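Structure first, then comments.
The values are calculated or read from the model by the stated rules, or taken from the named source; none is laboratory data. These figures come from a predicted structure and were not determined experimentally. Because the Cβ atoms are built from the backbone with ideal geometry, glycine has one as well, and the counts that use them run over all protein chains shown. SASA here: full protein model, heavy atoms, side chains in, ligands and nucleic acids out. Shrake-Rupley method; radii C 1.70, N 1.55, O 1.52, S 1.80 Å.
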Amino acid sequence: MERPAWAPRSIDITVPSVSRIYDYYLGGSHNFEVDREAARKAMQFMPGLPKVMQANRAFMRRAVRFAAGEGITQFLDIGSGIPTFGNVHEVAQTAVPGARVVYVDHDPVAVAHSQAVLAGNDDADVVAADLRKPHEILASPQLERLIDLNRPVALLLVAILHFVEDADDPYGAVAELCKALAPGSLLILTHASFEGIPLPAERAEGAVDVYKDIRNPLIMRSRDEIARFFEGYDMVEPGLVPMPHWRPESAPEDEDPYAFSGFAGVGRTA
């Protein structure tokens, strides 16, 4: 397989990547055949996976506009992935010129493309770091340059926590990040769940197994388990709901049934 010019030399292009699979679902071009093969295998069990990802992105954009409308001008997006149309900085800086955005991802392709997209944008930057090590994120020079933790921040954890196993203490990581945020900050979150998937759980489990096979386990948590991430937050209406039901801009009943797979919510620190 020939390595394209945009692929960092440090990555193994024969191993699937969650970020590049996500990019494929969204119709992006920064993925390899090994990523597309894994995505197609998962879609044999859940053909609506691209619709799930599109619903994630649509929720993210609505939530960022909501945050901007609440006066928040700082955004920390962890697990940001490979840049596609309608990124956080595009939405936030359109709503509030000068809004500051820090992206965080541990995938070298995602980081490299974020750097390219953000070239010349002094109000946005990217950190190569892992959600499981929140202290490294909080101590990064990019965050220290752009984010004032004494003022409210919108922390985005969109479609990332379901890739963190319980053994890696995702609740502890979220709590550590939230502890660093000023009162009035927002936690913007989506998470996969068997609840809401328009398929028998046994069939959806086949898609989960594909991620397990590529050593990126997909942890399907219940609504109650997802709600635990918001401990210490006051939920913004309408609470923790299927993605199309969070402050929709069009009729939820017009959405594809797969868009209701998983939950979305926004919480505010007291």
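State whether one or more residues within the range 247-261 are in contact (Cβ under 8 Å) with a residue 24 or more places away in the chain and touching a strand residue (DSSP E or B) at 6+ places or on another chain (Cβ under 6 Å).
Within the range 247-261, none of the residues are in contact (Cβ under 8 Å) with a residue 24 or more places away in the chain and touching a strand residue (DSSP E or B) at 6+ places or on another chain (Cβ under 6 Å).
Here is a check on your reading of the model: is V109 touching a helix residue (DSSP H, G or I) at 6+ places or on another chain (Cβ under 8 Å) and within 12 Å of L76 (Cα to Cα)? Lay out the reasoning, then the answer.
Working: touching a helix residue (DSSP H, G or I) at 6+ places or on another chain (Cβ under 8 Å): yes; within 12 Å of L76 (Cα to Cα): no.
Considered against the rule, which asks whether it is touching a helix residue (DSSP H, G or I) at 6+ places or on another chain (Cβ under 8 Å) and within 12 Å of L76 (Cα to Cα), V109 comes out as no.
Can you pull out the helices (runs of 4 or more DSSP H) entirely within the range 150-241 that have at least 3 residues that are farther than 20 Å from P50 by Cα, open to solvent by 50 Å² or more (accessible area, probe 1.4 Å) and not hydroxyl-bearing (S, T, Y)?
Numbers: elements: 170-179, 201-213, 223-227.
Result: 170-179, 223-227.
Just one of (1) over 23 Å from F85 (Cα atoms); (2) of a type outside the set (A, V, I, L, M, F, W, C); (3) touching a His at 6+ places or on another chain (Cβ under 6 Å) trips up H191, so point out which.
(1)
Could you please give the count of residues in the range 242-270 that are of a type in the set (A, V, I, L, M, F, W, C) and either surrounded by fewer than 20 Cβ atoms within 10 Å (Cβ to Cβ) or modelled with pLDDT under 95 (or both)?
Narrowing the range 242-270 to residues of a type in the set (A, V, I, L, M, F, W, C): 243, 246, 251, 259-260, 263-264, 266, 270.
Next cut, either surrounded by fewer than 20 Cβ atoms within 10 Å (Cβ to Cβ) or modelled with pLDDT under 95 (or both) only: 251, 270.
Going through the range 242-270 one residue at a time, the tally reaches 2.
Quick one: V117 ticks every box in (1) open to solvent by less than 40 Å² (accessible area, probe 1.4 Å); (2) aliphatic (A, V, I, L, M); (3) out of contact with any helix residue (DSSP H, G or I) (no Cβ under 7 Å at 6 or more places or on another chain) except a single one, so which number is it?
Only one criterion in (1) open to solvent by less than 40 Å² (accessible area, probe 1.4 Å); (2) aliphatic (A, V, I, L, M); (3) out of contact with any helix residue (DSSP H, G or I) (no Cβ under 7 Å at 6 or more places or on another chain) is unmet by V117, namely (1).
Name the helices (runs of 4 or more DSSP H) wholly inside the range 28-113 in which the number of residues that are hydroxyl-bearing (S, T, Y) and open to solvent by 30 Å² or more (accessible area, probe 1.4 Å) is 1 or more. Lay out the reasoning, then the answer.
Numbers: elements: 33-45, 49-69, 88-95.
The qualifying helices (runs of 4 or more DSSP H) are 88-95.
Which one is least open to solvent (accessible area, probe 1.4 Å), of the residues in the range 120-146 that are over 21 Å from P170 (Cα atoms), without any contact (Cβ under 8 Å) to a residue 40 or more places away in the chain and not basic (K, R)?
Of everything passing the filter in the range 120-146, A124 is least open to solvent (accessible area, probe 1.4 Å).
Consider the range 73-88. How many of its residues are of a type outside the set (S, T, Y), more than 12 Å from R57 (Cβ to Cβ) and over 14 Å from the mean Cα position of the chain (by Cα)?
Total satisfying the criteria: 1.
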